[in-house]
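Worksheet: one structure, shown below.
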Amino acid sequence: MNMKTIRYSIFCLVFMSLYSASVSAGSLNATVSENGQGNLENAVVYAIPTEGLSSAVTSSGNTKTIDQIDKEFVPSIAVFQTGVTVQFPNHDNVRHHVYSFSPAKTFEIPLYKGIPAEPVKFDEAGVITLGCNIHDWMTAHILITDTPYFGLSDSSGNVELTGLPNGAYDVYVWHPQQSEATEDTAQQVVLNGTDTQSLSFDVQKKEQWVPFRAPTRAAGSYR
């Protein structure tokens, strides 16, 4: 076998390997409703392989942003993978004091404007609730999850997860106002080839007390 034939054989093996990998990824379409009726926006749907995650997909080194605009966190609901760092820029003309007392991540960024010197790293899975010590109505919720297979539902309650390797998955839904424990929402799917599986979730939302937003004060005030 000459060198040209060997190179061609190697090329074919690499091509077939890449082709097999591409056709062995499935998709998941989920629809999330609210209290058995309207569609629910900004619900997190995430899938965890039944056999567990490999070390290759259990961490993320990306940097994300949660902004502060018009005295609100933007976005107010987010989902990131463990290992992510999050920057909290303040684009208001007043100072904010961002904090979290959540067990999965406790931190404070004292009164500031602009961009803090250091982003915050989230290296443990769990729900993070954010607040501002100056503006009580400012809240946001972050779900940190080990899996990279997740998405947020759109205004029609739909979310699509793509590129899932073949196999069995437990699929969950989470929303900060849901009354049901996230673990109790699990549904099982099996993906084969380029299958697209469809699921539907119904989130029972509980009432949530939201602090009154203070009216705008005169120029120069801390609010």
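The values are calculated or read from the model by the stated rules, or taken from the named source; none is laboratory data. Remember, it's a predicted structure, so these values are computed and weren't measured experimentally. Cβ atoms come from the backbone with ideal geometry, glycine included; neighbour counts cover every protein chain shown.
Scanning the stretch 90-111 for residues that are in contact with a Gly (Cβ under 7 Å, 6 or more places away or on another chain), of a type outside the set (Gly, Ala, Ser) and assigned to a loop (DSSP other than H, G, I, E, B) yields one hit, 103.
Pairing each residue of the stretch 121-148 that is within 12 Å of residue 71 (Cβ to Cβ) and surrounded by fewer than 20 Cβ atoms within 10 Å (Cβ to Cβ) with any residue that is at pLDDT below 95 and among the small types (Gly, Ala, Ser), provided the two are 6+ apart or on different chains, yields C-beta distances under 8 Å for 137/214. Residues that are without any contact (Cβ under 8 Å) to a residue 40 or more places away in the chain, more than 19 Å from the chain's Cα centre (by Cα) and part of a strand (DSSP E or B) within the stretch 163-208 comprise just one, 190.
Total residues in the stretch 112-122 satisfying the condition of being assigned to a loop (DSSP other than H, G, I, E, B) and touching a Lys or Arg at 6+ places or on another chain (Cβ under 8 Å): the figure is 1.
One line per residue, one yes/no per condition, for (1) among the β-branched types (Val, Ile, Thr); (2) touching a strand residue (DSSP E or B) at 6+ places or on another chain (Cβ under 8 Å); (3) more than 17 Å from residue 133 (Cβ to Cβ):
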site: 53; (1), (2), (3): no, no, yes
site: 63; (1), (2), (3): yes, yes, yes
site: 75; (1), (2), (3): no, yes, yes
site: 81; (1), (2), (3): no, yes, yes
site: 85; (1), (2), (3): yes, yes, yes
site: 88; (1), (2), (3): no, yes, no
site: 94; (1), (2), (3): yes, no, no
site: 97; (1), (2), (3): no, yes, no
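If the condition is being part of a loop (DSSP other than H, G, I, E, B) and either at pLDDT 90 or above or closer than 30 Å to residue 98 by Cα (or both), then the stretch 39-66 contributes 40, 41, 42, 43, 50, 51, 58, 59, 60, 61, 62, 66. Among the residues of the stretch 67-79, those identified as under 19 Å from residue 96 (Cα atoms) and within 12 Å of the chain's Cα centre (by Cα) are 75, 76, 77.
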